[in-house]
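Here's the structure we're looking at; comments come further down.
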Amino acid sequence: MTQAKQGSKQTHGLDAIALLKEDHTRVKNLFEQFEAMSGGDEEAAAKDGLVKRICAELMRHAQVEEEVFYPAVRKAIDDDKMMDEAEVEHASAEDLIIQLESMEPGDDQYDAKVMVLREMIEHHVAEEEEEMFPKAVKAKVDTAALGEALSQRKQALREEMAESA
């Protein structure tokens, strides 16, 4: 493959940081759609579907970060505290997701749990984008190779989810 083609391949979303930021944006938009819903009974099914999508996106994102991105970053930078905190934030979000997956839109605290999840994710995303990602770039983490690995793992998870559905 020529150097030009390799460069163009990276600009098509295979850079790990670009892929993770795309996930962040997609989930942010889903949370905004949730917040815009009036909450009437007629929207319960739509709300339920949206929350299920948010939860699936977050679980898939967290899993590929934990399996692919975080180990590479942890190895490249000297900041175990930041990496440990990111993993604890994932675990906390996953606990809330598990609660939401067993609930329905009319249940007590359903909307509150979605909004707390949103706040947790916004905080986590800000730390990744403002601290972790710049440290990974500075440490010269191979984000192109990680991007390919992230893409492949996300696709495998999508297929696993489709098979189990």
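Please work out whether segment 25-86 counts as rounded, prolate or oblate from its C-alpha gyration tensor, where a ≥ b ≥ c are the square roots of the eigenvalues and a/c under 1.5 means rounded, while otherwise a/b larger than b/c means prolate and anything else oblate?
prolate
In nm, what is the difference between 0.36 nm times the number of residues separating GLU129 and GLU67 and their Cα-Cα distance?
Gain on extension, GLU129 to GLU67, equals 20.5 nm.
Please say if segment 95-165 is rounded, prolate or oblate, where rounded means a/c under 1.5 for a ≥ b ≥ c the square roots of the C-alpha gyration tensor eigenvalues, and otherwise the choice is prolate for a/b larger than b/c and oblate otherwise?
oblate
With charges set only on the Cβ (+1 for Lys and Arg, -1 for Asp and Glu), what does the dipole of the chain come to about its Cα centre, in debye to the nearest 20?
I would put it at about 1060 debye.
Rank-order 76-84, 117-125 by packing density, defined as the average count of other C-beta atoms within 10 Å over each peptide's residues, highest first.
Final packing ranking: 117-125, 76-84.
What angle, in degrees between 0 and 90 and rounded to the nearest 10, separates the Cα long axis of helix 110-127 from the longest principal axis of the Cα atoms of the chain?
Between helix and principal axis, roughly 20 degrees.
I'd like the orientation of helix 143-164 relative to the chain: the angle between its Cα long axis and the longest Cα principal axis, in ° from 0 to 90, rounded to 10.
30 degrees
Sum -39500 (n - 2.57) across every DSSP H segment of at least 4 residues in the chain, then divide by the residue count to get the 222 nm mean residue ellipticity, nearest 500.
Calculated from helices alone, the mean residue ellipticity at 222 nm is -25000 deg cm²/dmol.
Of the listed values (i) 12, 46, 36, 6, 0; (ii) 11, 39, 40, 11, 0; (iii) 10, 36, 32, 17, 5, 1, identify the label whose number matches P(r) over Cα pairs in 10 Å bins from 0, in percent calculated from this model.
Matching the structure shown: (iii).
Let me check against my output: what whole-number percent is the relative contact order of segment 12-165, with C-alpha pairs under 8 Å and at least 6 apart?
Across segment 12-165, relative contact order equals 42 percent.
Set the Förster distance to 22 Å, then compute FRET efficiency between GLU159 and GLU101 from the Cβ-Cβ distance, nearest 0.05.
E(calc), rounded to 0.05, equals 0.65.
Would you mind telling me the share, in percent, of accessible area of the chain contributed by carbon and sulfur at probe 1.4 angstrom?
Using a 1.4 Å probe with all protein chains present, the chain comes out at 51 percent carbon and sulfur.
Per residue, how much accessible area does the chain have with a 1.4 Å probe, in Å²?
On a per-residue basis, the chain sits at 57 Å².
The values are calculated or read from the model by the stated rules, or taken from the named source; none is laboratory data. All figures in this text were calculated on a predicted structure; none of them were measured in a lab. Virtual Cβ from ideal backbone geometry, glycine too; neighbours counted across all protein chains shown. Ligands, DNA and RNA are excluded from the accessible area calculation, which covers all protein heavy atoms including side chains. Shrake-Rupley method; radii C 1.70, N 1.55, O 1.52, S 1.80 Å.
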